[in-house]
Structures are given as structure tokens and as C-alpha cells.
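The values are calculated or read from the model by the stated rules, or taken from the named source; none is laboratory data. Here the structure is a predicted model, which means the values were calculated and not measured. Note that each Cβ is placed from the backbone with ideal geometry, even for glycine, and that neighbours are counted across all protein chains shown.
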Ligand SMILES: Nc1ncnc2c1ncn2[C@@H]1O[C@H](COP(=O)(O)OP(=O)(O)OP(=O)(O)O)[C@@H](O)[C@H]1O
Ligand SMILES: [Mg+2]
């Protein structure tokens, strides 16, 4: 079946196959909603319960729906009088905040998590993938989300940035075990210096896995498979990737419903086209939905060259270039040196405001339910 998408890199129309996959990935966000098969959704289209567009006639008819219609359908399927998904979602997030402030332990047992996955990708090195991964994790956790970070880079930069030196601490449980299917996510996730952020760290030993991985069955699907059940335990899983388009990057792309592309110069902008192509090819081959959440300008400053890069990005990817820019700041390297995410290191700085704005803009695109910044003061251990 041909999958019809709009000219926008973010597909607006969903074939029922994609819609069924989306319900499987997102049903837990809705009160009492369940996953639907393609057949179940087709029935809902025919009954008029799910708003959809029919192309063709009879047995050959193909239905297309939209994310909005699907969300409305799942919300309505919960029946009259029950809370809407949005209300439920916000409650679900606000409850653990109450819990962290010392109240109601029992509430956490009833909490539902959003289970969203966000990759950080750009095969160009040094654009800020790991710094942004750690900073976003800190900001989202500060806003009350439960976050897991997966480090798929043998450099282990995001692990270090979150204060975990797995090599030094001689942690045997690293992401290598996940790639080799020797351990599960709950067995490997460790606490970080940021409350609310867990991590599966990487060490340089991951480089050895990269050599053996290609010969193993299902080597591109190791992360998405490992996250299948674990996703329900987190609101957001952030996946950092190495600066190449190899096996780890492909694993991250396939496991990520959304991927964010940081750029900081002309070369990193040039690499976006190839990255999106690789993501699309894999998504179509493995029948997954992996969408670009946006392109973010990092290390932005008021120079002519940066403005030119931004203008080119705007021209080439008008729907993808995010409004939020992360400014260049000397605090970034200080935070790295201190092994602390920037928003924790400098909570009241303009660059931290940038990260909060980025978290908001992304949440809106990904339909991630996120309490506002004012609702939660920054916590640091
Ligand atoms: N907004 C910023 N302002 C100034 N320096 C920054 C900023 N963001 C990141 N950096 C610095 O740029 C360098 C590269 O950042 P980072 O390691 O996050 O990039 P990366 O894309 O993950 O790199 P790699 O491709 O090697 O994994 C680091 O020294 C980091 O401190
Ligand atoms: Mg990195």
C-alpha cells in the first residue's frame, strides 16, 4: 500500500497501518484507550467514529486519517464522563511532583507515563548533541517528567555530562549489554546527579560492540526492542547518538519516534539531508514512525556567518527549523568540565532560558504534556 504523505517532512496524513502503530505506541497516554489493529481502525473509519478520508472504492478503498483525528478518537473511545487525555496527562505529571514535595507516596503507583522517545542526531561531530541531550533531560525532569537517557556513543559524553563516569566507577552494566541483549533497561538504568533523570551509560567498550553488532540478527532493532516494555516506565526517553551514520545512529533513529537535529555551522546543515534520508529509509523498511522534531541552531551568536546559516536552514527546511535557538555560552564548557548539565550548573542564565524554550517548543511538536516552568523550581542534589 502506498503511504501518502504531504510534501512536509512531518507527515500529516496517516495511512491506517501507520495509525495502528501510533496507537500501539501512544495508547497509554489516553485514559483507558487500547491499541488498535489496522482492521479495528478501518471499522472505526467506516462507522464514522474516526474522522478519516477515503480514497478509492469498495475493497480497494484506502483510508487516511490525521494525528489530530486519532487523538480525538482515542480520547472519545474512553466514553462519556471520563477525564480527557489532556487532563489525565497533566494529572499524571503533577502527581509525582506532589510526591517529590513529600506528600502521598501511594499516588505514584497510579501514575501513567507518556513513554515518548526523542533522539539527538547529526553525523557531523561537535554540534551539541550530547550537551543538548543532557540539558533537555535536566529541564524536562525539572518540569516533573520522569526521564531516561540512553547513551549510544563510545565517547560517553552525555553520561559524563550527567555525572556518571561508568568507566571510572567500573559499572559493568552499560549500554553495551543492551545492544548484546544480555540485560534489560530496568537492570541497566542508574540514577544521575539530576533527580528524575536515569541513565544507561556508555563507555569506550561500546566501540567493540560496534564491530560485532553488524553480524548479529536484528542488529538495527536492538534499542527499539529493548525499549518496547521499558517505555511505559518513563515520560520521555532521550537517545544520544555518535557522530556518524553507523549502526548506533540507525538504532537511535529507529527507536526514536522523534529526532532532533542540532546544527551549528554550514557542514552540519549539509548533513541534514542525508540524515533525514537514512531515517526515512529505515522507517519505511522497518515500518516504524520516526519523524524529525526539528532542526535547532546551537551555539548561536550575532555574526553574519551564523545568520547566513540560519537563513539557508530556513529556506531549505522551513517547517523544521525551530524558532528557539541555543546561544553560544562559555557556561557550556564550564558545565561540561564540572560534569553537570548546563541548566543545573547555571539555572538562572539566559542560555538555560533557551533550553526551557526549546523544551516547550519540542513538547508542542511532539504533543508531550509538560507543566510550565513556573510550576516547578529547579532541583539539584
Ligand atoms: N551553546 C553552546 N555554547 C558554547 N559551547 C557549546 C554549546 N553547546 C555545546 N558546546 C560545546 O561544544 C562542544 C561539543 O558539544 P557536544 O559534545 O555536546 O557535541 P556533540 O554533537 O555531542 O559531539 P560529538 O559529535 O563528538 O558527539 C563541547 O565542548 C560543548 O561544551
Ligand atoms: Mg556527543
Checklist entry - So which pairs qualify, if the first residue must be in region 209-230 and not assigned by TED's automatic domain parsing to the domain that holds residue 179 and surrounded by fewer than 19 Cβ atoms within 10 Å (Cβ to Cβ), the second must be at pLDDT 95 or above and outside any loop (DSSP other than H, G, I, E, B), the Cβ gap must be under 6 Å, and the two must be at least 6 apart or on different chains? => result none
Item to check | Subset of region 109-166 [more than 11 Å from ligand 2 (Cβ to nearest atom), part of a helix (DSSP H, G or I) and surrounded by 21 or more Cβ atoms within 10 Å (Cβ to Cβ)] | outcome: 135, 136, 137, 138, 139, 140, 141, 142
Next on the checklist: Looking for something more than 16 Å from ligand 1 (Cβ to nearest atom), touching a strand residue (DSSP E or B) at 6+ places or on another chain (Cβ under 8 Å) and at pLDDT 95 or above - is there at least one such residue anywhere in region 162-174?
Outcome noted: yes
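Yes or no, residue by residue, for (1) outside any loop (DSSP other than H, G, I, E, B); (2) at pLDDT 95 or above; (3) touching a helix residue (DSSP H, G or I) at 6+ places or on another chain (Cβ under 6 Å):
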site: 324; (1), (2), (3): yes, yes, yes
site: 334; (1), (2), (3): yes, yes, no
site: 352; (1), (2), (3): yes, yes, yes
site: 359; (1), (2), (3): yes, yes, yes
site: 364; (1), (2), (3): yes, yes, no
site: 374; (1), (2), (3): yes, no, no
site: 380; (1), (2), (3): no, no, yes
Next on the checklist: Of everything in region 285-310, what is on the phi > 0 side of the Ramachandran plot and not in a loop (DSSP other than H, G, I, E, B)? Give them in sequence order.
Outcome noted: 294, 299
Item to check | strands (runs of 3 or more DSSP E) enclosed by region 6-108 - at least 2 residues per element that are at pLDDT 80 or above and over 30 Å from residue 272 (Cβ atoms) | outcome: 53-55, 62-66
Checklist entry - Within region 323-333, can one find any residue that is more than 30 Å from residue 15 (Cα to Cα) and surrounded by fewer than 13 Cβ atoms within 10 Å (Cβ to Cβ)? => result yes
